[in-house]
Amino acid sequence: MATSFSLHPAEAWAQDAKQGPISSENALRLAAMAGHMQIDKIAARRAALIDLLADGRPHPREEIWETIATQLAEDCWGKIPQEALARDLAALRKGGIRIGYSRRPEIRGYYLQYPRLKRPSTTPFETTNWQLINAIADLTTDEKNERAFAAAEFALRQKKLILAEEHPDWSVDEVEKEARRLVFGALMEE
């Protein structure tokens, strides 16, 4: 959805219902939700939350409260904003929207997990294997780590073979060290 954060979500969703390459059934759904948001402040707040998180980056809760309060009304979060946000997140998750939370200091906050609500458009020259991407997303963390380490080991083996062929005068240790540097980056000298 091409939503401007200055618009009330009802206005933004109503505009989206009138535009773009969407089916008439989806346009009707958007228009119906836009009408509902005009009278239900909780639905409007949750729609604004979806629109905000759809930008693909994490948002700390203070930023969420401030941005959505600016869009709707100062009192849209009620007396206890933490509880209102927790209820909204729970309701959206129950509805199938995958919302995650990053605790990393440099990117702390709530975000939409993959698959995104809307996939980016592809050019005729770009090929994206969505089946593979979705299969990877369904793997457990252990399975993802196992595959990542296997890929790294494969890359290291290939790089050692190439370097050994390109530099037949290098020792095994020199090939190993340079291959590790090229695959894994420069290592700190101890």
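Just to check I understand the Karplus step: with θ = phi - 60° and J = 6.51 cos²θ - 1.76 cosθ + 1.60, what whole-Hz values come out for region 154-168, glycine and proline as x?
Once θ is set to phi - 60°, the couplings for region 154-168 become 4, 4, 5, 4, 5, 5, 5, 4, 5, 5, 4, 6, 6, 10, x Hz.
Give the long-range amide H neighbours of ILE99: residues separated by 5 or more places, or on another chain, with amide H under 5 Å away, using H modelled in the peptide plane at 1.01 Å from N.
Excluding prolines and chain starts, which carry no amide H, the hits are GLN113.
Taking R0 as 45 Å, what FRET efficiency do you get between ARG93 and ALA150 from their Cβ-Cβ distance, rounded to the nearest 0.05? Could you put the intermediate results ahead of the total?
Values: r = 32 Å, r/R0 = 0.72.
For ARG93 and ALA150, the calculated efficiency is 0.90.
Just to be sure I understand the model, the point goes 7 Å from the Cα along the line to the Cβ. What's the resulting LYS79 to ALA135 distance in nm?
Taking the simple label geometry, LYS79 and ALA135 are separated by 5.4 nm.
Taking the number of other C-beta atoms within 10 Å as the exposure measure, put HIS59, HIS8, HIS167 in order starting with the fewest.
HIS167, HIS8, HIS59
Report ³J(HN,Hα) in whole Hz for each residue of region 56-61, in order, from the Karplus equation J = 6.51 cos²θ - 1.76 cosθ + 1.60 where θ = phi - 60°; Gly and Pro get x.
Once rounded to whole Hz, the list reads x, 10, x, 10, x, 4.
In straight Cα distance, which aspartates and glutamates are under 17 Å from LYS160, not counting same-chain residues fewer than 8 positions off?
ASP169, ASP173, GLU174, GLU176, GLU178
Where does region 130-184 land on the Kirkwood hydrodynamic radius, alpha-carbon pairs, in angstrom?
12.8 Å
To the nearest whole percent, what portion of all C-alpha pairs in region 9-112 is separated by more than 17 angstrom?
54 percent
Whole-Hz ³J(HN,Hα) for each residue in region 27-35, computed from phi via Karplus 6.51 cos²θ - 1.76 cosθ + 1.60 with θ = phi - 60°, x for glycine and proline: what do you get?
Rounded to whole hertz, the list is 5, 5, 4, 4, 5, 5, 5, 4, x.
Treating only the Cβ of Lys, Arg, Asp and Glu as charged (+1, +1, -1, -1), what charge dipole size does region 130-184 show about its Cα centre? Round to the nearest 20 debye. Kindly include the intermediate steps, with their values, before the conclusion.
Details: 8 positive and 12 negative charges, 31 e Å.
So the magnitude is around 140 debye.
Report the full-extension gain for the segment ILE162 to ALA69: residue separation times 0.36 nm, less the Cα-Cα distance, to one decimal in nm.
27.7 nm
A short reminder: the numbers here are calculations on the coordinates, not readings from a lab. Model, not experiment: these values are computed from the prediction. Because the Cβ atoms are built from the backbone with ideal geometry, glycine has one as well, and the counts that use them run over all protein chains shown.
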